[in-house]
Structures are given as C-alpha cells and as structure tokens.
1. A:L68 versus (1) in a helix (DSSP H, G or I); (2) open to solvent by less than 50 Å² (accessible area, probe 1.4 Å); (3) out of contact with any Ser or Thr (no Cβ under 9 Å at 6 or more places or on another chain); (4) within 14 Å of chain B (Cβ to nearest Cβ): which is the lone unmet condition?
2. Which members of the stretch A:1-55 meet the condition of being farther than 16 Å from A:L121 by Cα and assigned to a loop (DSSP other than H, G, I, E, B)?
3. Between residues in the stretch B:107-132 that are closer than 30 Å to B:L173 by Cα and residues that are open to solvent by less than 80 Å² (accessible area, probe 1.4 Å) and in a strand (DSSP E or B), which pairs lie under 9 Å by C-beta distance while being six or more apart or on different chains?
4. Pick from the stretch A:90-100 the residues that are within 11 Å of chain B (Cβ to nearest Cβ) and either touching a residue at least 24 places away in the same chain (Cβ under 8 Å) or touching a helix residue (DSSP H, G or I) at 6+ places or on another chain (Cβ under 9 Å) (or both): which of them is farthest from B:F206 (Cα to Cα)?
5. Of the residues in the stretch A:47-65, how many are away from chain B (no Cβ under 14 Å) and farther than 28 Å from A:A2 by Cβ?
6. Given the structure, is B:K280 more than 21 Å from B:L200 (Cα to Cα) and at pLDDT 90 or above?
7. Determine, yes or no, whether B:E60 is at pLDDT below 85 and within 35 Å of the chain's Cα centre (by Cα).
Amino acid sequence: MAEKILIVEDEPFLRRIISEHLRESGYLVTEAVDGEEGLKKLQEEQFDLVLLDLLLPGMDGFELLAQLKKEEKLNKIPVLILSNLGQREEIEKGLSLGAADYLIKAHVTPEEVLAKIREILKR
Amino acid sequence: MEKREKEIERTYLLLENLPEGIIILDETDRIIFFNKKVEELLRWREEFLGKKISELKEVENFHFISELFEEDTSQLLGKVIKMREDLILRFNGVELKKGNEILGKAIFFTDITREFSLERLKREFVSVAAHQLRTPISAMGWAIKTLLSEKLGPLTKKQSEYLKEIFQTNERLVHLIDDLLNTAKIEEGKFLEKENEFSLEAIVEFVLNLLKPEIEKKKINLQYARPFPKLPLVKMDVEKIKLVVENLISNAIQYTFPGGEIQISLGMPAKGTEVFFAIKDNGIGIPEKEKHQVFTKFFRASNAMKMQPSGTGLGLYLCKNIIEAHGGRIWFESEEGKGTTFYFTLPIK
C-alpha cells in the first residue's frame, strides 16, 4: 500500500517540487502551508511520515513537533525536518524534540531528500 | 595640601571616576568604598557604607550579589551576570593583601551589555540570513535538478549543459553563504557564554555518534577508549566545546584516506588541574612550511585543498579562540604523508 506523507512547508515552489517528486515515486502526499494546518491534517488522516519546515507563519515547526510528540496517536510518526535554518542549536533542538532526522534544504537535492525518506521509512 | 594627602586624594578621585565599578570591603567584609559606577548601575546608596553585604536585603538582584560576595574572591574571574534585561556585567574579584595580611577585598565589574547584545544580534542575523538567503537558492537548485532529471521533458545537449552550469553557479552561492555565516560567527569563539560543568567524554561520544555515518562510509578504523576512572566534570561553554571536538574529529576523518586509522584519547595528567584531548590520524599530515599558519583565519594547507577543495579555513581558527577563551591550550604534531595529532587542554575549574 502506498505510504502517506504530510509536507508542512510555506514556500509554494519548494513545496510543489518536493510533492511532485514524492508523488512520482509512488507516495501519497498531503500538503499543509503552516503549522496549524499541519496539525489539523494530522488529526484528520493517518500518515507514515511528516516532512517539516521550521520557519513557518504562526506556529513554527518546533512547536508543531512538540505538540505531535505529546499525542499518543501521533508521536510514533517519524518527522524529517527539512529546513534552511542550519545552526547547531537549531539542529540539536529539532533532534532533541524527537525529529528522526534533519536536512538543510540548500545542501541537498530532491533525490537526496527522497533517499532519506526511504531510509527513515525502513527504520 | 601635603604631598601625601594629594596622592591619596588623586587615588580616591581615580577610583571614584573609573568607568568600571569598584566595591571595596574591609577585612570584616563590610563595605568601605564603592564608586560612581556602582551608584549608577547597581543603584547603591551612601547608607550602604559600613554594612555587610548580607545586610543589604532590599538591594535589587540581592541574591546575585550576595552569592557573588560569599564566593572566594579569587574564584571571581570574569563571571558574567545578567542584572536586568538591559544590564549585563562581568565581575572580577581580588583580595587586598599585604604580605600575609588580608586587608580586604575588591570587586570590579565592567558593563558588557552592548557586547552581549551585539552577539545576540549577530546570532539572530546569522539565523535569519541563513534562512532568507537559502530559501530562494534552494528553490532554484531543486528546480534545476528536476529539469536535469528530464522528468519534465527531454533536453537537448546544450540545454543540459547550460542547466548544469546554472546548477554549479547556484552551488557556489550556497557555499558563499555558508562561508559568510561562518565568518559572522568567527568572533563568537572569543566570547563565551553560559558555562556549565560538563563531561568531556559525553561530548566526544556525542560527536562520534553524529559522525558515525561518515566514519563508516570511509571505513575508518576509529579507536576511542573511555577514560577510566571517569574524568572530572569540566567548567565549559558546552556548545563551543562541542564545536571544537566536532571540528577536530571531522578534520581527522576528512584528511585521512579510506581505511585509515584515527585514535582518540582523553585523560588527566597527574597534577589534576586540567584534562586533555588528543586525536591522532595517519592521514595526509601538514606540510612543514605551512605549520605556522594552521591556526590563522582562512588558512588551508596546500595538500588539504587538493584533497578537499571546499573548506572555509575557519575551523581551527575558531577552535583556537574557543580553547584559549577557556584558559586552555591547543597544539599539534604532524609529518606530511604520515599523519597528524591534535591536542587540547581545558582547565578543570
């Protein structure tokens, strides 16, 4: 069965590129433009992985991650942080909040993102 | 006025008007002098004279001050305290001794509010700049990669070549931004912030875990034995020391050939005032003629550049700043073609 991915990313072009790559690789993709919408979708559907940007309008990625980890039904879903913030403190904050991994958008290609997703889903 | 009286008067005026705050206690720990800066910044009043610090209960941030003064003054070295949002002070203390007789104590402080907020502004700038600059560049990079994959239609040879060039140019921008951000952080090493007692072993193990994928990818034989007995906790700016350890281990990995060997050791020499860290590799080593430049800003050894063309040359400069700001030492031994060993020490207190 096709795996379902939620992408929370406010930049439309970036969101589009990744979503298209994911769909072509056979994943079902739901898109959210900010933290609130992301949480809403998480309540409505079942996901196998969340792709999470950090700098979002309103609730930021860290808050969403913290909320997700608090809920029994959601805290087992692996979260891959995909952000352009890359400072040590930010990466560690993400990982210590429970993210499965952290990629810096400017340093990776879409294929590398996909490879990481495949790797996480296998874990 | 008598000559001696004039001298005393001058000294008094000097202390009164120094841009640093000075508080003098006598041998019974009573306040016998404090200057204008103390009145201005700590809002002390004349009636405090003759009192012991413990009697000044209504003074603002009393608990900071009383803790400060209860400590052994010789331990009061460069202690940074946030008195209020808009006031950050660095304290130093000294005993006033004549021979073996202790005549009192003096506490000094400097206003470092501006430097502190500049550091914070810089860090915020660095975060925001990273994000703002990287977002459009990521979008371009990803779009170009998508086009090159021909998922959106076949490309002619020339179209493909042009797109590859655009992608490379974009990659250069990514690296330029990384360098810019690192440069903005350079001075950071000289200015330590939160200091905690922490375990150096824990840091080494954390970094080794972080770098595990690279170590395995290069099939490097890495030996690290946890020191026994455990090292004492060391007072340090944890984030910065993590940076140093990561830098040194990462360098060893980068400049050692696949299948090479790296040995990491931690210890505490007999006299027990400092801990040391050593990392030895059998990699490319550092050319004799370039050794004196290793810790300078932007320097990259010629053989290092050949092996790894991208690199800012800021890593070791930052490491040196950080270790020396802690009162430690950092040095290396190396032979080109045979390998390098880097060492650093950190004082325990």
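The values are calculated or read from the model by the stated rules, or taken from the named source; none is laboratory data. Computed from a predicted model, the values in this text were never measured in an experiment. Cβ placement follows ideal geometry from the backbone for every residue including glycine, while neighbour counts extend to all protein chains displayed. These accessible areas exclude ligands, DNA and RNA; they are computed on the full protein's heavy atoms, side chains included. Shrake-Rupley method; radii C 1.70, N 1.55, O 1.52, S 1.80 Å.
1. (4)
2. To start, the set of residues in the stretch A:1-55 that are farther than 16 Å from A:L121 by Cα comprises A:8-21, A:24, A:30-45, A:53-55.
If the condition is that a residue be farther than 16 Å from A:L121 by Cα and assigned to a loop (DSSP other than H, G, I, E, B), then A:E9, A:D10, A:E11, A:V33, A:D34, A:E45, A:D53, A:L54, A:L55 are the ones that fit.
3. B:S117/B:I88; B:A130/A:I104; B:H131/A:S83
4. A:E90
5. First, the residues of the stretch A:47-65 that are away from chain B (no Cβ under 14 Å): A:47-50, A:52, A:58-59, A:63-65.
Now restrict to residues that are farther than 28 Å from A:A2 by Cβ: A:58-59, A:63.
Qualifying residue count for the region: 3.
6. Details: more than 21 Å from B:L200 (Cα to Cα): no; at pLDDT 90 or above: yes.
No: the conditions fail for B:K280.
7. Spelling it out, B:E60 is indeed at pLDDT below 85 and within 35 Å of the chain's Cα centre (by Cα).
Conditions (1) within 14 Å of another protein chain (Cβ to nearest Cβ); (2) surrounded by fewer than 18 Cβ atoms within 10 Å (Cβ to Cβ), marked per residue:
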{"site": "A:E3", "(1), (2)": "no, yes"}
{"site": "A:L6", "(1), (2)": "no, no"}
{"site": "A:R16", "(1), (2)": "yes, yes"}
{"site": "A:L22", "(1), (2)": "yes, no"}
{"site": "A:Y27", "(1), (2)": "no, no"}
{"site": "A:T30", "(1), (2)": "no, no"}
{"site": "A:D34", "(1), (2)": "no, no"}
{"site": "A:E45", "(1), (2)": "no, yes"}
